[in-house]
Each structure stands twice: as C-alpha cells, then as structure tokens.
C-alpha cells in the first residue's frame, strides 16, 4: 500500500497482526471492483459469480475479525467465524463441482418461499406476488427433481471432506453464536482477588 494507516486500539498489538489488517483491507476493494466488471449472470456463469461472491464474503469477514482483534474486542469473532466457515464450505464445494451452484440456488429459493408462506407476510407476498411465487415454486420442484436440493451443513462439510471440522471447530463457533452458558461466562465472568465472581 502506498500510505500507512493509523490504527486505534491496543498500541501493543503485534506488528504481524497489523500487517494482516493492511493486506486484507487492501484486497477487499480489489475483489469487489473485479466483481462489478463481470457480465450479467447467465446459467453458465452463475457458478463463477457465486464463487467470487463467496470469496469476497470470506475476505470481508476475515478483515472484520482482524479489526476486532486489533481493537481489543475479540468476543464476537467466533460468531463471525461461523459465517465465514459456512461460506468457505460452500466455496470449497462449488470450486470442485460447478453444479453445486444449483444447491445454493435451491437453498435461496426455499428460504424465500418460507418467508412468503409465513403468516404475517402471506397475503402481501404469496398472494400479492402470485406470479413470482409460482415461478419460484416451479423452480424449486425442478431442482429437486434433478437431485439438486440444498444440503444440511453437516452434509456439505462431509462432501468437502470437512466432517471432522463440523463436529469440532464449527461446534465451538456455535457455542458463541447461540450464547451458551460457557460463552457468556467467557465474555463476562472473571474471578476477583478474593475468589468472588466478577461480572464485566
């Protein structure tokens, strides 16, 4: 980079960590600028579009983790890492099998239809946008008939050779994401000099 940056937070932050912040921050706009130059997605180019989007997401989230660590606020890093890991699993499957884009599409359509079918939004979306609803429903059925339905995360991890990570690393991320008792204790409980619990 042509100019150095001024960092807030812990002045004793390791120089190596500062260097990583510099590198990641510089890469993010490069990836996003490249994405803006791509042609409109077609059926053939959609895997590449999705792969670039996942790559950009991973870079942005990694940058956020580094900045949180640099600022002395690490408690939410595992929550971001869970989303980053899910994106990595998707990207890993996609680059090994371009047709995996259909499974990503299926997951998106399925979630959209679930929202459209929900009680509070049913009249506004399912009935008010009937044509969109019918098209999405038809596409969902088509993908399922082709055997391209979305997979549960453990299945995605297994497909990419990451099942052991799902049962260990990912499970640890989930402890923080779901605000488990151990995560709350790690964030906010410590022990005073007299042994009494201290909440901070």
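The values are calculated or read from the model by the stated rules, or taken from the named source; none is laboratory data. Quantities reported herein were computed from a predicted structural model and do not represent experimental measurements. Note that we place each Cβ from the backbone using ideal geometry, even for glycine, and neighbour counts take in every protein chain shown.
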#### Entry: Which listed residue is modelled with pLDDT of 90 or more and over 16 Å from the mean Cα position of the chain (by Cα), from 147, 128, 119
147
## Note on the structure
Of the residues in the stretch 29-51, those that are surrounded by 15 or more Cβ atoms within 10 Å (Cβ to Cβ) and at pLDDT below 85 come to 31
### Task
Would you check if there is a residue in the stretch 111-127 being free of Cβ contacts under 8 Å to residues at least 60 places away in the same chain and crowded, with 19+ Cβ neighbours inside 10 Å?
yes
### Query
Could you list, in sequence order, the residues of the stretch 57-71 that are touching a residue at least 40 places away in the same chain (Cβ under 8 Å) and either in contact with a helix residue (DSSP H, G or I) (Cβ under 8 Å, 6 or more places away or on another chain) or surrounded by 19 or more Cβ atoms within 10 Å (Cβ to Cβ) (or both)?
63, 66, 67, 69, 70
### Task
Please tell me if residue 150 is more than 30 Å from residue 74 (Cα to Cα), touching a helix residue (DSSP H, G or I) at 6+ places or on another chain (Cβ under 9 Å), in contact (Cβ under 8 Å) with a residue 40 or more places away in the chain and surrounded by 14 or more Cβ atoms within 10 Å (Cβ to Cβ).
yes
